[in-house]
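Peer 1: Dropping the structure in here first, questions after.
Where a number appears in this text, it was derived from the coordinates with a stated rule and is not lab data. The shown structure was predicted, so the numbers you read here are calculated from the model rather than taken from an experiment. Positions of Cβ are generated from backbone atoms using ideal geometry, with glycine treated the same way; all protein chains shown enter the neighbour counts.
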Amino acid sequence: MTDDPISLASPAFGLLIAIELWVARRQGRKLYRLNDSLNDLATGILQQMTVLLLAVVVIGAYVAIYETGHWLDLTAQNAWTWLACYMAIDFIYYWFHRWSHEVNFLWAAHVVHHQSEEYNLTVALRQSALQPLFSSIFYWPLAGIGFPPALFAVSLALNTLYQFWIHTRTIDKLGPLEWVLMTPSHHRVHHGRNPIYIDRNHGATFIFWDKLFGTYEPEGEEVHYGITTPLASWNPIWANAQYWVELWRSAARTRAWRDKLLVFLKPPGWFPDDLGGFQAPPEIEPNPQKFDIDYAPAIGRYAVVQLALVLVLLAALTFGQADLDRWLVWLWAALVSWGLVDIGGLFEGRGWAPRSERLRLIAIPLATLPVASHGVGWLLPLLFAAGSLLSFRMAALTAASARAHDGAKLEVDEPAPSP
């Protein structure tokens, strides 16, 4: 069983996303693209698995520091302790978040959150798989001060949950609340790739940290979302790896050993002189185009169904991990990741994706067979076997629809030459 508030809040996230879709439709605005939103959710799922698989590092270290010795005997029975803990978390988050935009190796663990060229509530769930490993270190001093682990965990979860609702374009400026709180308007600025907006508004709950430390920028000109060099992929694994690969390539190409290290420690855009020097953020081009790849509607329907099945597998993994052998937990995590990569491959029209999907659909019921010996019985394996069989049929229909879609597109885009 899990007590993770983020996992428990997932149904509420889904409801709020549905409400935002409805509001956007009433406003006559298209704020979502299916391929982009499913990729947002895929990266968020990968992060949840990181927390699940590496909980000893992410959570256990805080508990170990607290139990080894702490300065104050603070109690959760005191409201001032809760307030102090929340404010301390918000302050630390500001600096961690700011440094994640100013130090290359931290940016590599944060850039995933900024890759989407849309701005909606699914972007709030778009998170780096590695960021929890980095951010957890910044909160360790609170354990040494004496904030109890349970109080800290709840306060951190509340701080994270607050940030969900500010990822929307359906809410305008909020009057006097803009003076104190981080609002959708403030956070839209933070996600902008306009040069004036880059590295601004880093707060979580409160905006006054930015005003105090000189990183505040109000929303003015139209915000263009994403990063200065688009990811141009729907692969969630590549989304997490791409900037790391860029850093390692830059470090390998530069000659001086000092510069090889500085590649990881300097801000994004910094390059040593032998690689061309600093590259400033480019101005927004006229009529900027977003990354997109045409796909058959059947692929979209198939991807939605498969993501739902992946979420069922993740839920079974999350809530049943205590009863599973560790190797089985890692196996299921691999299956979840496999499904997410295949969904991205289908949206990109990759030739390997349909073949990989067929293999995955065979692997899923086989991988669930061992749980029958863990007191779960045969219900779960049978359910996943049924899901895989139905998915096989759906995959065949999807492949046929995709071929027909590509053929129709070819006729329109590339007509045969006249005799």
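Peer 1: What residues qualify as long-range amide H neighbours of residue 181, i.e. H under 5 Å apart, gap of 5 or more or another chain, H built at 1.01 Å from N?
Peer 2: 207
Peer 1: Dipole of the chain (Lys/Arg Cβ +1, Asp/Glu Cβ -1, origin at the Cα centre): which of 168, 388, 324 lies farthest to the positive side?
Peer 2: Ranked along the dipole, the leading option is 388.
Peer 1: Calculated from DSSP H runs of 4 or more alone, at -39500 (n - 2.57) each and per residue, what is the 222 nm mean residue ellipticity of the chain, nearest 500?
Peer 2: -19000 deg cm²/dmol
Peer 1: Could you give the nm distance between label points at residue 179 and residue 57, where each point is 7 Å from its Cα heading toward the beta carbon?
Peer 2: For residue 179 paired with residue 57, the spin-label model returns 4.5 nm.
Peer 1: Dipole of the chain, Cα-centred, from +1 at each Lys and Arg C-beta and -1 at each Asp and Glu C-beta, to the nearest 20 debye?
Peer 2: The calculated dipole for the chain is roughly 600 debye.
Peer 1: Compute the distance in nm between two label points, each set 7 Å from the Cα along the Cα-to-Cβ direction, one at residue 161 and one at residue 362.
Peer 2: The answer from the label model is 4.4 nm.
Peer 1: Any chance you could check the Cα centroid distance between the stretch 129-188 and the stretch 7-61 for me, in angstrom?
Peer 2: Their Cα centres are 16 Å away from one another.
Peer 1: Can you list the HN-Hα couplings for the stretch 97-104, worked out from phi with the Karplus curve (6.51, -1.76, 1.60; θ = phi - 60°), rounded to whole Hz and with x for Gly and Pro?
Peer 2: Along the stretch 97-104, the couplings run 5, 4, 5, 5, 9, 10, 10, 4 Hz.
Peer 1: How big is the charge dipole of the stretch 5-213 about its Cα centre, in debye rounded to the nearest 20, if each Lys and Arg gets +1 on its Cβ and each Asp and Glu gets -1 on its Cβ?
Peer 2: Result for the stretch 5-213 is approximately 700 debye, rounded to the nearest 20.
Peer 1: Highest mean first, what order results for 155-164, 282-291, 233-242, 104-113 on Cβ atoms within 10 Å?
Peer 2: 104-113, 233-242, 155-164, 282-291
Peer 1: State, as an integer percentage, the relative contact order of the chain based on alpha-carbon contacts under 8 Å between residues 6 or more apart. The partial results should precede the final answer.
Peer 2: Working: 535 pairs, mean separation 68.9, N = 419.
RCO, the chain: 16 percent.
Peer 1: OK, next. Just going by the charge dipole of the chain, with Lys and Arg at +1 and Asp and Glu at -1 on Cβ, which of 338, 368, 261 is farthest out on the positive end?
Peer 2: Value: 368.
Peer 1: Another question, then. What distance in nm separates the simple spin-label points at residue 34 and residue 71, each placed 7 Å from Cα in the Cβ direction?
Peer 2: With each label placed 7 Å out from Cα toward Cβ, I get 5.5 nm.
Peer 1: Sticking with this one: Report the semi-axes of the equivalent ellipsoid for the chain in whole Å, largest first, where each axis is √(5λ) for an eigenvalue λ of the Cα gyration tensor.
Peer 2: 35, 30, 22
Peer 1: Taking the Cα of residue 405, stepping 7 Å toward and past its beta carbon, and measuring to each backbone N in the stretch 32-55: which are under 16 Å?
Peer 2: Output list for this probe position: 33-39.
Peer 1: How many Lys pairs in the chain lie less than 28 angstrom apart by Cα atoms, where the lysines are 8 or more positions apart or on different chains?
Peer 2: Lysine pairs meeting both conditions in the chain amount to 7.
Peer 1: Put +1 on the Cβ of every Lys and Arg and -1 on every Asp and Glu Cβ in the stretch 4-143; which of 14, 28, 120 then has its Cα farthest towards the positive end of the dipole?
Peer 2: 28
Peer 1: In whole angstrom, how far apart do the alpha carbon centroids of the stretch 83-118 and the stretch 271-317 sit?
Peer 2: Their Cα centres are 20 Å away from one another.
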